[in-house]
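J.: I have a structure here, written as C-alpha cells, and I will follow up with some questions on it.
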Amino acid sequence: MKNLLFVALFVVVKIAYGQEHLNIAAAADMQFALEEAVVVFKQTHPEVAVATIYGSSGKFAEQIRSGAPYDLFFSADIRYPRELHRAGYAASPVQAYALGRIVLWSASEPLNQLSDLADARFKRVAIANPQHAPYGQRAAEALQAAGVWDKIESKLVYGDNVAQTAQFVDSGNAQAGIIALSLALSPALSKRGHYVLIADNLHQKLEQGFILTTHAAQNKLAYQFAQFMASAEARALLKRHGFALPDAAK
C-alpha cells in the first residue's frame, strides 16, 4: 500500500493536469540513457509530459501486479516483463532493448580484478540486493564464479538497486562495488574513480526488456514511445551509454 501511495503522489506531482502524459518505471541503470531518450522524444512530441521513476526491476514488477499506474516498464532483466506478459499485465509483446554490463568500480582504491576485493583495504563492498535487483543477482554470480564470494561475503553491503549501490561507493560508505557500466560512464562517476569490466562468462546475460502495461492499452503516446525506443536513433543512444545491443532478430 505504501508503494502505491508513493507512486500516486509521484504522478500527481510530476504530471500537469490535462496534459498528455506517460508514466515510465525503469531499472536504475537506465537513468541517464532514458532521460536523454525522453529529451529526444519530446523534440517531436512537445505536448507530452513524461514522468520517470527509477528503482529495482523486481520491485516494479510487484507494483505493476498491484495496480501501479505505469505505462511502460523497462526492466534490467527481461524475465520480469515476460512474467508480467504471461500473467496478463502487458498490452504489448516483450521487447528486448539492451544487454547490460557489470563493472567493478571504486571511487578511491585502484583495483584490477574481483580477487582484489579480498584485500584488507576494502572493508565494505557494495552490490545491489540479489533478491530483487538483477544487477545484484549478476554480481553475486560473478563473485561466486570467480571464487571470491566466500572471502568477502562478510564485507558485503546491499543497495536497494544498482544506483544506490553506486552511491554507497561514491560516498565512501563502501570502498568498492559492482555496478552497471551505464552508471560508471555517467557524467558524475566518469570523472572520478576507476572501473574494470567484469567478464561476461562469469554471469548470466543481463538481457533487458520492456513492455507497455495494460494501464497503457489506450495510450497512443506509450506506443509511440515504444516505437521510438526500437529506432536506430534510440539504439545508438543506448550504445553510447554503455549498453550492448540485443540481436535485432529478437
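Every number in this text was worked out from the coordinates using simple rules, so none of it is lab data. Values in this document were obtained by computation on a predicted structure and should not be read as measured data. Neighbour counts run over all protein chains shown; Cβ positions are idealised from the backbone, glycine included.
J.: Using modelled backbone amide H atoms (1.01 Å from N, in-plane), which distant-in-sequence or interchain residues come within less than 5 Å of ALA76's amide H?
T.: Sorted by chain and number, the residues that satisfy this are ALA27, SER57.
J.: Compute the FRET efficiency between ALA217 and ARG240 as 1/(1 + (r/R0)^6), taking r as their Cβ-Cβ distance and R0 = 30 Å, and round to the nearest 0.05. Mind dumping the intermediate values first?
T.: Details: r = 32 Å, r/R0 = 1.07.
FRET efficiency, ALA217 to ARG240: 0.40.
J.: Spin-label point model (7 Å from Cα, Cβ direction): what's the GLN227 to ARG82 distance in nm?
T.: Modelled inter-label distance: 2.8 nm.
J.: Tell me the relative contact order for the chain as a rounded percent, counting alpha carbon contacts under 8 Å between residues six or more apart.
T.: 28 percent
J.: Further, regarding this structure: Give me ARG138, ARG240 ranked fewest to most by other Cβ atoms within 10 Å of their Cβ, as a rough exposure proxy.
T.: Numbers: ARG138 28, ARG240 13.
Ranking ARG138, ARG240 by Cβ neighbours within 10 Å, fewest first, gives ARG240, ARG138.
J.: Please compute the length gained on full extension between GLN144 and ASP247, using 0.36 nm multiplied by the number of residues separating them and subtracting their Cα-Cα distance. Working shown, then result.
T.: Values: separation 103, 0.36 × 103 = 37.08 nm, distance 2.81 nm.
Length gained, GLN144 through ASP247: 34.3 nm.
J.: Moving to a separate point now. Would you kindly derive the ³J(HN,Hα) couplings of region 236-245 from the backbone phi angles with the Karplus curve 6.51 cos²θ - 1.76 cosθ + 1.60 (θ = phi - 60°), listing them in order in whole Hz, with x for Gly and Pro?
T.: 5, 4, 4, 5, 4, 8, x, 8, 7, 9
J.: Set the bar at 21 Å for Cα to Cα. Now go through LYS59/LYS123; LYS42/LYS220; LYS155/LYS205; LYS123/LYS151 and name every pair that lies beyond it.
T.: On the way: LYS59/LYS123 29 Å; LYS42/LYS220 15 Å; LYS155/LYS205 25 Å; LYS123/LYS151 12 Å.
Where the Cα-Cα span goes over 21 Å, the pairs concerned are LYS59/LYS123; LYS155/LYS205.
J.: Restricting things to Cα coordinates, could you compute the convex hull volume per residue of the chain in Å³?
T.: Details: hull volume 31.6 nm³, N = 250.
So the per-residue Cα hull volume is 126 Å³.
J.: What ranking do 32-38, 187-193 get when scored by the average of other Cβ atoms within 10 Å per residue, highest first?
T.: On the way: 32-38: 19.7, 187-193: 12.0.
Put in order of decreasing packing, that is 32-38, 187-193.
J.: For region 146-157, in order, what is each residue's ³J(HN,Hα) by Karplus, 6.51 cos²θ - 1.76 cosθ + 1.60 with θ = phi - 60°, in whole Hz (x at glycine and Pro)?
T.: 7, x, 9, 3, 4, 6, 10, 3, 5, 8, 5, 10
J.: Also: Which residues does a label at LYS205 reach in region 96-119, if reach means a backbone N under 18 Å from a point 7 Å past the Cα toward the Cβ?
T.: 96-102
J.: Can you put TRP105, TRP149 in order, fewest other beta carbons within 10 Å first? Could the numbers behind the result be given before it?
T.: On the way: TRP105 24, TRP149 17.
Placing the least packed residue first, the sequence is TRP149, TRP105.
J.: For region 102-197, what percent of Cα pairs sit more than 18 Å apart? Write down the numbers at each step before the final one.
T.: Working: 1526 of 4560 pairs.
Result for the distance tail: 33 percent.
J.: Output the peptides 75-86, 213-224 sorted from most to least packed, where packing is the average of other Cβ atoms within 10 Å over each peptide's residues. Can you show the working numbers first?
T.: Details: 75-86: 21.9, 213-224: 17.5.
For the peptides 75-86, 213-224, the packing ranking is 75-86, 213-224.
J.: Would you mind giving the three semi-axes, in whole Å and largest first, of the ellipsoid equivalent to region 94-152 according to its Cα gyration tensor? List each step's numbers first, then the result.
T.: Values: eigenvalues 111, 34, 22 Å².
For region 94-152, the semi-axes come out at 24, 13, 10 Å.
J.: Roughly speaking, what is the centre-to-centre gap between region 111-133 and region 171-212 when only Cα atoms are used, to the nearest Å?
T.: Measuring centre to centre over Cα atoms gives 12 Å.
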